[in-house]
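What follows is a short report on a single structure.
The values are calculated or read from the model by the stated rules, or taken from the named source; none is laboratory data. None of the values given here were measured: they were computed from a predicted structure. All Cβ positions, even for glycine, are placed from backbone atoms using ideal geometry, and neighbour counts span all protein chains on display. Heavy atoms of the whole protein, side chains included, go into the accessibility calculation; ligands, DNA and RNA do not. Shrake-Rupley method; radii C 1.70, N 1.55, O 1.52, S 1.80 Å.
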Amino acid sequence: MTVDLNADVGESFGAWSMGDDAGVLAHVSSANVACGFHAGDPQVMDRTVALCARLGVALGAHPGYFALRGFGRRPQALDPATVEADVLYQVGALAGFARAHGTRLVHVKPHGALYNQAASDAALARAVARGVARAGRELVFVGLASSQVMRRAAEAEGLRFAAEAFADRRYEVDGSLQSRQLAGAVLTDSQAVAAQGVAIVRDGLAVAARGAREPLRADTLCVHGDTLGAVENARALRAALEAAGIGIAPLAP
């Protein structure tokens, strides 16, 4: 039994520093690198890709809405053509840095509100998938494990879909993520993060609202690089997975 372990990184911007990317990347197998729309800038992208290449961490693009002020976490209503072009633009930019550092992109994972809206909006999911496919049909589309909408969008564009679950987030009973506005929606205790990650991979279960257990199967687990205690969360999760006999390996390109 193996699983990919991914983290959202490269989310600093200019003089503003976000998270300990080096610390987190030491414990994961894949990275989702911000592409300058919700966070990141050319220098941050350059440094983050170089760090991933040096550590042997598989590289992924993390495109989001063009919304630095809201960190890409505020829903938007954009036409599909705009979303498709925005995704292609961001993935293409990160791919350029990847080539410059002798590596390549393996996957694309939408960020924040774009991710959450696309999980239930078929037109939006298809727009994201078209942008990914135009960047390269060899790229893996990473999306919410419970979202058949995202899975179908990926398949319609000839893309491999990788189902993602979150070790550091609570779920609703329909398999969607709890709103960050709700207390306890984001897990900050490293042991709770580790326990949820193991339960998802080994048992196919995540903790949902009011303590319910939500069936969930995943190819990749996420820990957020901007969460309080992110490094310890990643370290504890990896240790717990390995202790449970679960191997850590990046998504196959």
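Separation of region 12-26 from region 165-212 is 24 Å, based on Cα centroids.
A viscosity of 1.567 mPa s and a temperature of 4 °C, combined with the Kirkwood radius over C-alpha pairs in the Stokes-Einstein formula, give region 119-253 a diffusion coefficient of 84 µm²/s. Projection of the Cα convex hull of region 7-140, averaged over all directions and equal to a quarter of that hull's surface, yields 7.3 nm².
Please state the charge dipole magnitude for region 145-236, taken about the Cα centre, from unit charges on C-beta atoms (+1 on K and R, -1 on D and E), reported in debye and rounded to the nearest 20. The partial results should precede the final answer.
Values: 11 positive and 12 negative charges, 31 e Å.
Charge dipole of region 145-236: 140 debye, to the nearest 20.
One decimal place: the segment Ala156-Glu242 gains 27.4 nm when fully extended, by the rule 0.36 nm per residue minus the C-alpha distance.
How large, in percent, is the carbon and sulfur part of the accessible surface of region 95-253 at a probe radius of 1.4 Å? Walk me through the intermediate numbers first.
Details: 3170 of 6490 Å².
Carbon plus sulfur share of accessible area: 49 percent.
Hey, how many Å between the Cα centroid of region 45-72 and the Cα centroid of region 117-145? Using only Cα atoms, the two centres lie 17 Å from each other. Once a ≥ b ≥ c are taken as the square roots of the eigenvalues of the Cα gyration tensor of the chain, is the result rounded (a/c under 1.5), prolate (a/b larger than b/c) or oblate (a/b not larger than b/c)? Rounded. Helix content alone sets the calculated 222 nm mean residue ellipticity of the chain: runs of n ≥ 4 DSSP H residues at -39500 (n - 2.57) each, divided across all residues, give -11500 deg cm²/dmol. Across region 11-105, the mean sequence separation of Cα contacts (distance under 8 Å, 6 or more residues apart), normalised by length, yields a relative contact order of 30 percent.
Out of region 1-86, which trypsin sites (Lys or Arg not before Pro) are coil in DSSP terms and have no more than 15 other C-beta atoms within 10 Å? The partial results should precede the final answer.
On the way: sites: Arg47, Arg54, Arg69, Arg73; in loops: Arg69, Arg73.
Sites meeting the loop and neighbour criteria: Arg69.
Mind giving me the FRET efficiency for Tyr89 and Arg217? R0 is 25 Å, r the Cβ-Cβ distance, nearest 0.05 is fine. With a Förster radius of 25 Å, E is 0.20.
Wrap a convex hull around the Cα atoms of region 78-157, take a quarter of its surface area, and give that in square nanometres.
4.8
Counting only C-alpha contacts under 8 Å and six or more residues apart, can you give the relative contact order of the chain as a whole percent? Relative contact order comes out at 23 percent.
For region 175-239, the percent of C-alpha pairs falling in each 5 Å distance bin, counted from 0 to the bin holding the largest distance, reads 4, 17, 27, 29, 19, 4. Taken along its three principal axes, the alpha carbon spread of region 31-80 comes to 38, 19, 15 Å, from the longest extent down to the shortest. For region 182-241, the dipole from Cβ point charges (+1 on Lys and Arg, -1 on Asp and Glu) about the Cα centre works out to 160 debye, to the nearest 20.
For region 1-69, take the alpha-carbon Rg, divide it by the Kirkwood Rh, and send me Rg/Rh. Show your work: numbers first, answer last.
Values: Rg = 11.7 Å, Rh = 12.0 Å.
Taking Rh as the inverse mean 1/r over Cα pairs, Rg/Rh reads 0.97.
To the nearest 10, the accessible area of Met1 is 130 Å² with a 1.4 Å probe. Here the calculated FRET efficiency for Asp41 and Asp79, from their Cβ-Cβ distance with R0 = 25 Å, stands at 0.45, rounded to the nearest 0.05. Based on protein heavy atoms only, the chain ends up with 41 Å² per residue of surface accessible to a 1.4 Å probe.
How high is the relative contact order of region 108-253, given as a whole-number percent (alpha carbon pairs under 8 Å, six or more residues apart)?
Details: 256 pairs, mean separation 29.3, N = 146.
Once normalised by length, the contact order is 20 percent.
Considering only Ala153, Leu228, Gln178, and ranking their Cα positions along the charge dipole of the chain that arises from unit charges at the beta-carbon of Lys, Arg, Asp and Glu, the one farthest toward the positive end is Ala153.
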